[in-house]
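Q: One structure is given below, represented as C-alpha cells, and several questions about it will come after.
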Amino acid sequence: MRVVLPVYELQQPWIIDEDILSEHGAPLVLRGAPATEALKNAMLRHGIVSVRVRSADERASASKHALPTGLILKVRQNVRKLVQKTVRERAVSSKSLSEVIEQTALLIDALFSGETPVFSELRSLSNYDAYTYEHSWSVMLFSVVLGRIAWESGLVRNLDYTSRLNLGMGAVLHDIGKTLIPSSVLNKAGPLDEKEWELMRLHPQHGFDLLRPYNLVMPMIRAIVAFHHLRPDGNGYGLAKGKTLDGEAIPQLVRIASIADAYDAMTSSRPYKKGRLPFEALEIIVSGAGSQFDTALVPLMERIVVPFPEGSLLFLKDGTVASVQLPGGLGENHGRPECVVVASFAGGGQRKPGETFILKDRSVIALGATNPEDLLIRVLVEIFGKNSTFKGSIPLELHSALPVWKELFQNALVKMTNDRLCAPEIR
Ligand SMILES: [Fe+2]
C-alpha cells in the first residue's frame with residue numbers, strides 16, 4: 001500500500017516513496033530509503049511535515065516514461081536555489097537563471113522524447129516553506145507536458161525548441177514576483193482581506209520588473225509571468241502598470257501555464273487549506289472551461305494526470321472510507337480505479353473493510369483526501385460540521401483485519417483531539 005503520512009508517524013517497515021530536498025536544496029532523503037528513526041528525526045529537524053511512503057512489500061512504481069532522475073533532481077534543486085536567492089537578494093541572480101535555463105533545456109528534451117509522461121503520484125506536502133519553489137517546479141513539468149500534448153493534438157502550432165524552452169522557463173518564473181510579497185500575506189492562515197489581495201495581485205508586475213534586466217529572458221517568458229492570471233473571459237489580473245491584454249489575445253502558451261498553475265495550486269496543501277485530489281481539481285478546471293481556462297486545452301489536462309492516484313482516500317456517501325490501490329480515472333483516458341475498503345463511518349456501507357471494488361461512478365463519492373488526518377478533518381467539518389443535523393459522537397468502525405489502517409486513523413484522531421477538533425470514537 002501507498003499513503004501520505006505525517007513525518008512524526010514514520011517508523012519501519014515503511015519505505016520513503018519520494019525524493020526530499022532539504023531547505024538548502026540538497027537531497028535529504030532519496031526514494032527507497034527505509035523509514036528509520038534517524039531519518040525521521042532528520043526530516044523533523046528540517047521542517048518536513050509529511051511524506052509519501054509505501055509498505056515494504058510494495059515495489060517501487062515502474063514509471064511509464066523514463067525521465068532521468070539525476071537531471072530531475074538537479075533541475076529541482078536549481079529552481080529552489082533560484083527562488084531562494086531571489087527571496088534573499090530581492091533580485092534575480094543571472095548565474096542561477098542561466099543554470100536553470102541550461103538544465104531546463106535538457107529536461108525539456110527528455111519530456112518531449114518517448115511516451116508522453118503521465119503524472120500519477122499522490123502529492124505530499126514536504127514543507128510549507130517549500131511551496132513557492134516546489135510550485136514553480138511542478139508548474140513547469142505540467143506546462144511542458146501539456147504543451148507537448150497540445151502540440152501533438154494540433155492545438156498549438158510550431159512548438160519548436162525555443163517555444164518549448166520559453167514555456168518551461170515562463171512556468172518556472174511565473175510566480176517569481178511572489179518573492180517580493182510579505183510572507184505574512186503569502187502564508188496567511190485564512191482568507192486575505194482586500195488590502196492583502198491588492199498586494200498579492202502585484203506579483204505579476206513584481207515578476208515582470210525582476211526580469212527586466214535580462215535580455216536572455218524572451219518576450220514569451222515575460223508574457224507568462226505578466227499574464228498567467230488573466231482569463232479568457234477578460235477577468236483576472238495582469239500587470240499593475242501599463243497595458244493589459246484582452247481575454248482573447250492571451251497567447252496559447254500563457255493559457256497552458258495558467259491551467260498548469262491552477263491545477264498545481266488546487267492539489268497542493270497550504271497553511272490555510274487542504275490540497276484537493278486530482279479528480280476534484282480536474283472537475284473545477286472543467287467547470288472553468290471557457291471562462292477561466294481555454295476550452296480546447298481543458299480536456300488535455302485529464303490526459304496528463306491520473307485523477308485517482310494510488311493511495312488517495314475517498315469518503316463515499318454511504319459512509320465507506322476507501323483507499324485507491326490501482327490508480328485510474330472515470331473518463332476515457334484511464335482505466336477504472338480499484339479501491340479497497342479501509343474503514344466505515346457509523347457502520348455505513350454495504351462493503352466490509354478489506355473488500356476491493358472497482359470505482360465506476362463519481363456520484364458515490366462525497367469527498368477525497370491525500371491522508372487519513374485530512375480525510376477525518378474534511379469529514380468532520382464538511383459532513384458532520386456545525387451546520388449538519390448530525391448530533392453526538394461519530395462511531396468510526398475499523399476492521400481488525402486491517403490493523404495498519406486502524407492505527408493510522410487512531411493516530412490521526414489523537415492528533416485531532418490534541419488540536420482540539422472534536423474527535424469521533426473508534427470502535
Ligand atoms: Fe501567480
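The numbers here are math on the coordinates, done by the rules we state, and not lab data. What you are looking at is a predicted structure, and each value in this text was computed from that prediction instead of being measured. Every residue, glycine among them, receives a Cβ derived from its backbone with ideal geometry; neighbour counts consider all protein chains shown.
Q: Over the range 2-54, what is the relative contact order in percent, taking alpha-carbon pairs closer than 8 angstrom and at least six residues apart?
A: This gives 52 percent for the range 2-54.
Q: Now a separate question. Taking the Cα centre of the range 2-54 as origin and charging only Cβ (+1 Lys, Arg; -1 Asp, Glu), how large is the dipole, in debye to the nearest 20?
A: For the range 2-54, the charge dipole is close to 100 debye.
Q: Let me know the shape class of the range 185-235, please: from the alpha-carbon gyration tensor, a ≥ b ≥ c as square roots of the eigenvalues, rounded when a/c is under 1.5, otherwise prolate if a/b is greater than b/c, or oblate.
A: Oblate, because a/c is 1.5 or more while a/b does not exceed b/c.
Q: Here is a further query. Can you put Trp151, Trp197 in order of Cβ neighbours within 10 angstrom, beginning with the fewest?
A: Neighbour counts put them in this order, fewest first: Trp197, Trp151.
Q: Can you give the charge dipole size of the chain about its Cα centre, rounded to the nearest 20 debye, using +1 on the beta carbon of Lys and Arg and -1 on the beta carbon of Asp and Glu?
A: With only Lys, Arg, Asp and Glu charged at Cβ, the dipole is about 560 debye.
Q: For the chain, what is the per residue volume of the convex hull drawn over the alpha-carbon atoms, in cubic angstrom?
A: Cα convex hull per residue, to the nearest whole number: 147 Å³.
Q: Between Asp193 and Leu30, 0.36 nm times their residue separation minus their Cα-Cα distance comes to what?
A: 54.7 nm
Q: Turning to a different aspect of this structure: Between Tyr214 and Leu73, what length comes free when the chain is fully extended (0.36 nm per residue of separation minus the Cα-Cα distance, one decimal in nm)?
A: 48.2 nm
Q: Name the residues whose placed amide hydrogens come within less than 5 Å of the amide hydrogen of Arg270, ignoring near sequence neighbours (fewer than 5 apart) on the same chain.
A: Excluding prolines and chain starts, which carry no amide H, the hits are Gly275.
Q: Quantify how much of the Cα-Cα distance distribution of the range 69-304 extends past 26 Å, in percent.
A: 32
Q: Let me ask something else about it. I need Tyr237, Tyr214, Tyr272 ordered by Cβ neighbour count within 10 Å, fewest first.
A: Result, fewest neighbours first: Tyr272, Tyr214, Tyr237.
Q: Let me ask something else about it. Considering the chain as a Gaussian network with a 10 Å cut-off on Cα pairs, which listed residue, Asn166, Asn411, Asn158, attains the greatest mean-square fluctuation?
A: Asn158
Q: Scan around Trp14 for amide H atoms under 5 Å from its own, H built in the peptide plane at 1.01 Å from N, and keep only partners 5 or more places away or cross-chain.
A: Answer set, sorted by chain and number: Ala35.
Q: For Arg157 and Ala240, compute 0.36 nm times the residue count separating them, minus their Cα-Cα distance, and round to one decimal in nm.
A: 26.8 nm
Q: Given a cut-off of under 8 Å on Cα pairs at least six residues apart, what relative contact order in percent is computed for the chain?
A: 12
Q: If you line up the long axis of helix 131-152 against the longest principal axis of the chain, both from Cα atoms, how many degrees apart are they, to the nearest 10?
A: 70
Q: Moving on to the next point. Tilt of helix 69-89 relative to the longest C-alpha principal axis of the chain, in degrees (0 to 90, nearest 10)?
A: 70
Q: Give me the angle, in degrees from 0 to 90, between the Cα long axis of helix 94-111 and the longest principal axis of the Cα atoms of the chain, rounded to the nearest 10.
A: Around 60 degrees separate the two axes.
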